[in-house]
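Structure first, then comments.
The values are calculated or read from the model by the stated rules, or taken from the named source; none is laboratory data. Every value quoted in this text rests on a predicted model; they were computed, and no experiment measured them. Note that we place each Cβ from the backbone using ideal geometry, even for glycine, and neighbour counts take in every protein chain shown. Remember, those area values only see protein heavy atoms, side chains included, never the ligands or the DNA or RNA. Shrake-Rupley method; radii C 1.70, N 1.55, O 1.52, S 1.80 Å.
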Amino acid sequence: MQVYHLENSRSQRILWLLEELDLNYSVERFNRELSGRAPPEFRKVHARGKAPILIDGDLILAESGAIVGYIIDRYAPGRLVPKDWKANSRYRFWFNFAEGSATFPIGLLYFVKQKSGSSAEVVDAAKQQVDALLDFIEDELQPGPWFAGEEFSAADIMMSYGLQAAHTRGYLRERHARIKSYLERVYVRPASCGLWPEAGDMHWVRSCRFSSWRRHLGGLSTALCGENLK
Ligand SMILES: N[C@@H](CCC(=O)N[C@@H](CS)C(=O)NCC(=O)O)C(=O)O
(Lines give C-alpha, C1' and ligand atoms only; values in the text may rest on other atoms or scores of the structure.)
Protein backbone atom coordinates (compact mmCIF):
# COMPACT_ATOMS: atom_id res chain seq x y z
CA MET A 1 0.00 0.00 0.00
CA GLN A 2 1.15 3.49 -0.78
CA VAL A 3 -0.15 6.58 1.04
CA TYR A 4 -0.14 10.00 -0.58
CA HIS A 5 0.52 12.06 2.54
CA LEU A 6 0.17 15.85 2.72
CA GLU A 7 1.94 17.55 5.62
CA ASN A 8 -0.32 18.27 8.61
CA SER A 9 -3.45 16.87 7.05
CA ARG A 10 -6.06 14.16 7.39
CA SER A 11 -3.60 11.71 5.86
CA GLN A 12 -2.17 11.50 9.42
CA ARG A 13 -5.19 9.29 10.11
CA ILE A 14 -4.05 6.74 7.56
CA LEU A 15 -0.42 6.66 8.69
CA TRP A 16 -1.53 6.29 12.28
CA LEU A 17 -3.95 3.47 11.41
CA LEU A 18 -1.30 1.60 9.45
CA GLU A 19 1.08 1.92 12.41
CA GLU A 20 -1.57 0.74 14.89
CA LEU A 21 -2.16 -2.31 12.70
CA ASP A 22 1.55 -2.80 12.03
CA LEU A 23 0.97 -3.13 8.28
CA ASN A 24 3.57 -2.56 5.59
CA TYR A 25 3.23 0.55 3.48
CA SER A 26 5.19 3.28 1.79
CA VAL A 27 4.65 7.04 1.96
CA GLU A 28 4.76 9.69 -0.76
CA ARG A 29 5.08 12.83 1.32
CA PHE A 30 4.21 16.30 -0.04
CA ASN A 31 4.35 19.80 1.38
CA ARG A 32 1.41 22.10 0.94
CA GLU A 33 1.67 24.89 -1.60
CA LEU A 34 1.94 28.43 -0.19
CA SER A 35 -1.84 28.76 -0.62
CA GLY A 36 -2.28 25.71 1.65
CA ARG A 37 -3.52 23.61 -1.26
CA ALA A 38 -2.29 20.15 -2.13
CA PRO A 39 0.22 20.09 -5.02
CA PRO A 40 -0.92 18.95 -8.52
CA GLU A 41 0.53 15.46 -7.94
CA PHE A 42 -2.62 14.65 -5.95
CA ARG A 43 -4.94 15.53 -8.85
CA LYS A 44 -2.85 13.41 -11.21
CA VAL A 45 -3.59 10.38 -9.05
CA HIS A 46 -7.23 11.10 -8.11
CA ALA A 47 -9.53 13.70 -9.67
CA ARG A 48 -10.54 15.05 -6.24
CA GLY A 49 -6.96 16.22 -5.72
CA LYS A 50 -7.00 16.10 -1.90
CA ALA A 51 -5.23 14.14 0.83
CA PRO A 52 -5.28 11.36 1.74
CA ILE A 53 -5.10 9.02 -1.23
CA LEU A 54 -4.40 5.31 -0.89
CA ILE A 55 -3.00 3.23 -3.74
CA ASP A 56 -3.23 -0.53 -3.32
CA GLY A 57 -2.45 -2.44 -6.49
CA ASP A 58 -4.86 -1.11 -9.10
CA LEU A 59 -7.13 0.43 -6.47
CA ILE A 60 -6.97 4.19 -5.94
CA LEU A 61 -9.07 5.42 -3.04
CA ALA A 62 -9.72 8.88 -1.58
CA GLU A 63 -11.69 10.02 1.55
CA SER A 64 -10.03 9.25 4.85
CA GLY A 65 -13.06 7.42 6.32
CA ALA A 66 -13.41 5.21 3.24
CA ILE A 67 -9.68 4.43 3.35
CA VAL A 68 -9.78 3.57 7.07
CA GLY A 69 -12.76 1.25 6.49
CA TYR A 70 -11.09 -0.39 3.48
CA ILE A 71 -7.80 -1.07 5.29
CA ILE A 72 -9.53 -2.59 8.32
CA ASP A 73 -11.98 -4.72 6.29
CA ARG A 74 -9.33 -6.01 3.91
CA TYR A 75 -6.23 -6.34 6.08
CA ALA A 76 -7.30 -6.43 9.71
CA PRO A 77 -10.92 -7.60 9.94
CA GLY A 78 -12.31 -7.18 13.43
CA ARG A 79 -9.44 -4.97 14.63
CA LEU A 80 -10.14 -1.50 16.07
CA VAL A 81 -13.92 -2.01 15.72
CA PRO A 82 -15.83 -2.85 18.93
CA LYS A 83 -17.93 -6.01 18.77
CA ASP A 84 -20.32 -5.23 21.61
CA TRP A 85 -23.39 -3.69 19.87
CA LYS A 86 -23.63 -0.71 22.22
CA ALA A 87 -19.95 0.16 21.91
CA ASN A 88 -20.23 -0.51 18.18
CA SER A 89 -23.07 2.00 17.82
CA ARG A 90 -20.97 4.62 19.63
CA TYR A 91 -18.11 3.69 17.34
CA ARG A 92 -20.27 4.27 14.24
CA PHE A 93 -21.56 7.55 15.62
CA TRP A 94 -18.10 9.05 16.27
CA PHE A 95 -16.52 7.56 13.16
CA ASN A 96 -19.12 9.36 11.03
CA PHE A 97 -19.35 12.44 13.25
CA ALA A 98 -15.64 13.11 12.67
CA GLU A 99 -15.96 14.05 8.98
CA GLY A 100 -19.71 14.66 8.91
CA SER A 101 -19.92 17.15 11.79
CA ALA A 102 -16.63 17.90 13.58
CA THR A 103 -13.86 18.68 11.13
CA PHE A 104 -15.68 21.27 9.01
CA PRO A 105 -16.51 23.90 11.70
CA ILE A 106 -12.96 23.69 13.07
CA GLY A 107 -11.53 24.16 9.57
CA LEU A 108 -14.00 26.96 8.82
CA LEU A 109 -13.00 28.96 11.90
CA TYR A 110 -9.35 28.69 10.90
CA PHE A 111 -10.24 29.78 7.35
CA VAL A 112 -12.31 32.85 8.30
CA LYS A 113 -9.68 33.98 10.83
CA GLN A 114 -6.99 33.78 8.11
CA LYS A 115 -9.01 35.76 5.57
CA SER A 116 -8.40 39.47 6.08
CA GLY A 117 -11.84 40.31 4.64
CA SER A 118 -13.80 38.35 7.29
CA SER A 119 -15.98 40.59 9.46
CA ALA A 120 -15.90 40.26 13.27
CA GLU A 121 -19.49 39.01 13.02
CA VAL A 122 -18.53 36.13 10.73
CA VAL A 123 -15.55 35.16 12.92
CA ASP A 124 -17.77 35.30 15.99
CA ALA A 125 -20.44 33.10 14.39
CA ALA A 126 -17.78 30.55 13.41
CA LYS A 127 -16.34 30.66 16.97
CA GLN A 128 -19.78 29.97 18.44
CA GLN A 129 -20.16 26.91 16.21
CA VAL A 130 -16.79 25.57 17.37
CA ASP A 131 -17.57 26.27 21.04
CA ALA A 132 -20.88 24.42 20.76
CA LEU A 133 -19.18 21.52 19.00
CA LEU A 134 -16.40 21.23 21.59
CA ASP A 135 -18.88 21.55 24.49
CA PHE A 136 -20.89 18.68 22.99
CA ILE A 137 -17.81 16.48 22.61
CA GLU A 138 -16.66 17.37 26.14
CA ASP A 139 -20.02 16.23 27.57
CA GLU A 140 -20.09 13.03 25.54
CA LEU A 141 -16.50 11.97 26.18
CA GLN A 142 -17.39 10.07 29.30
CA PRO A 143 -16.90 7.70 30.90
CA GLY A 144 -14.34 7.08 28.15
CA PRO A 145 -11.44 6.67 28.09
CA TRP A 146 -11.99 6.38 24.31
CA PHE A 147 -14.80 7.54 22.05
CA ALA A 148 -16.46 4.13 21.78
CA GLY A 149 -15.90 3.44 25.49
CA GLU A 150 -13.25 1.21 26.99
CA GLU A 151 -11.70 0.09 23.71
CA PHE A 152 -9.46 2.24 21.53
CA SER A 153 -10.99 2.13 18.03
CA ALA A 154 -10.77 3.58 14.55
CA ALA A 155 -13.31 6.20 15.70
CA ASP A 156 -10.48 7.68 17.81
CA ILE A 157 -8.27 7.85 14.75
CA MET A 158 -11.03 9.70 12.88
CA MET A 159 -11.92 12.08 15.76
CA SER A 160 -8.42 13.02 16.90
CA TYR A 161 -7.45 14.95 13.78
CA GLY A 162 -10.03 17.72 14.37
CA LEU A 163 -9.47 17.78 18.14
CA GLN A 164 -5.73 18.02 17.73
CA ALA A 165 -6.26 20.92 15.28
CA ALA A 166 -8.57 22.61 17.82
CA HIS A 167 -5.90 22.10 20.48
CA THR A 168 -2.97 23.51 18.50
CA ARG A 169 -5.06 26.46 17.24
CA GLY A 170 -6.02 27.40 20.81
CA TYR A 171 -9.77 26.70 20.46
CA LEU A 172 -9.97 24.49 23.56
CA ARG A 173 -11.07 26.34 26.68
CA GLU A 174 -10.49 25.63 30.35
CA ARG A 175 -13.81 23.84 30.53
CA HIS A 176 -12.62 21.27 27.94
CA ALA A 177 -10.61 19.24 30.45
CA ARG A 178 -11.84 15.84 29.23
CA ILE A 179 -10.82 16.60 25.65
CA LYS A 180 -7.38 17.72 26.86
CA SER A 181 -6.75 14.59 28.86
CA TYR A 182 -8.10 12.50 25.96
CA LEU A 183 -5.50 14.10 23.67
CA GLU A 184 -2.78 13.30 26.20
CA ARG A 185 -3.77 9.64 25.92
CA VAL A 186 -3.65 9.89 22.14
CA TYR A 187 -0.27 11.65 21.98
CA VAL A 188 1.51 8.94 23.97
CA ARG A 189 0.30 6.04 21.84
CA PRO A 190 3.47 4.78 20.19
CA ALA A 191 1.75 4.33 16.82
CA SER A 192 0.61 7.97 16.74
CA CYS A 193 3.99 9.25 17.84
CA GLY A 194 5.51 11.87 15.56
CA LEU A 195 2.27 12.67 13.74
CA TRP A 196 1.38 15.83 15.59
CA PRO A 197 2.36 19.30 14.41
CA GLU A 198 3.96 20.20 17.76
CA ALA A 199 6.50 17.54 16.89
CA GLY A 200 7.06 19.06 13.47
CA ASP A 201 5.79 17.05 10.56
CA MET A 202 9.32 16.13 9.50
CA HIS A 203 9.60 14.09 12.68
CA TRP A 204 7.24 11.69 10.99
CA VAL A 205 10.13 10.63 8.79
CA ARG A 206 12.15 9.82 11.91
CA SER A 207 9.14 8.19 13.44
CA CYS A 208 8.78 5.95 10.38
CA ARG A 209 12.36 4.94 10.83
CA PHE A 210 11.61 4.06 14.46
CA SER A 211 8.58 2.12 13.30
CA SER A 212 10.60 -0.02 10.96
CA TRP A 213 13.08 -0.58 13.76
CA ARG A 214 10.15 -1.63 15.87
CA ARG A 215 9.29 -4.29 13.31
CA HIS A 216 12.80 -5.64 13.65
CA LEU A 217 13.28 -5.17 17.37
CA GLY A 218 9.78 -6.16 18.40
CA GLY A 219 8.77 -3.14 20.47
CA LEU A 220 9.03 0.63 20.59
CA SER A 221 8.77 2.01 24.11
CA THR A 222 6.75 5.09 24.93
CA ALA A 223 9.92 6.54 26.41
CA LEU A 224 11.68 6.28 23.08
CA CYS A 225 8.61 7.75 21.44
CA GLY A 226 8.70 10.69 23.87
CA GLU A 227 12.33 11.28 23.03
CA ASN A 228 11.46 11.27 19.37
CA LEU A 229 8.96 14.06 20.00
CA LYS A 230 11.52 16.40 21.55
N1 LIG B 1 -13.39 14.55 3.55
C2 LIG B 1 -12.08 14.42 2.96
C3 LIG B 1 -11.37 15.77 3.08
C4 LIG B 1 -10.11 15.83 2.24
C5 LIG B 1 -9.40 17.17 2.44
O6 LIG B 1 -10.04 18.23 2.46
N7 LIG B 1 -8.07 17.10 2.57
C8 LIG B 1 -7.29 18.29 2.82
C9 LIG B 1 -6.18 18.00 3.82
S10 LIG B 1 -6.77 17.85 5.44
C11 LIG B 1 -6.57 18.73 1.55
O12 LIG B 1 -6.15 17.91 0.76
N13 LIG B 1 -6.38 20.04 1.43
C14 LIG B 1 -5.62 20.61 0.35
C15 LIG B 1 -6.48 21.14 -0.75
O16 LIG B 1 -7.70 21.35 -0.53
O17 LIG B 1 -5.96 21.39 -1.84
C18 LIG B 1 -11.33 13.29 3.70
O19 LIG B 1 -11.71 12.95 4.83
O20 LIG B 1 -10.39 12.72 3.13
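Miscellaneous remarks
- Once backbone amide H atoms are built at 1.01 Å from N, E28 has V3, Y4, H5 as its partners under 5 Å, excluding neighbours fewer than 5 places away on the same chain.
- Cα gyration tensor, the range 50-94 - rounded (a/c under 1.5), prolate or oblate: oblate
- For K127, the lysines whose Cα comes closer than 19 Å to its Cα, not counting residues fewer than 8 places off in the same chain, are K113, K115, K180.
- Neighbour cut-off at most 16 other Cβ (10 Å), DSSP loop, trypsin sites (Lys or Arg not before Pro), the range 22-53: R32, R37, R48
- Here the range 85-187 has 52 percent of its accessible surface on carbon and sulfur atoms, given a 1.4 Å probe and all protein chains in place.
- Additional length obtainable on full extension of the chain from S26 to E184, 0.36 nm per residue less Cα span: 54.1 nm
- Local electrostatic count, R189, Cβ distance below 12 Å [Lys/Arg +1, Asp/Glu -1]: -3
- Normalised per residue, the accessible area of the range 2-75 is 48 Å², obtained with a 1.4 Å probe and no contribution from ligands, DNA or RNA.
- Extending 7 Å from the Cα toward the beta-carbon at both R92 and D73 defines two label points whose distance is 1.4 nm.
- Solvent-accessible surface of the range 85-187, averaged per residue with a 1.4 angstrom probe and all protein chains in place: 52 square angstrom.
- Low-density loop positions, GluC sites (Glu not before Pro), the range 11-115 - DSSP coil, at most 13 other Cβ in 10 Å: E33
- Relative counts (whole %) of C-alpha pair distances in the range 2-75, using bins that are 10 Å wide: 20, 58, 20, 2
- Across the range 85-187, Cα-Cα distances exceeding 23 Å account for 25% of all pairs.
- Length gained on full extension, F104 to E140: 11.1 nm, using 0.36 nm per residue less the C-alpha separation.
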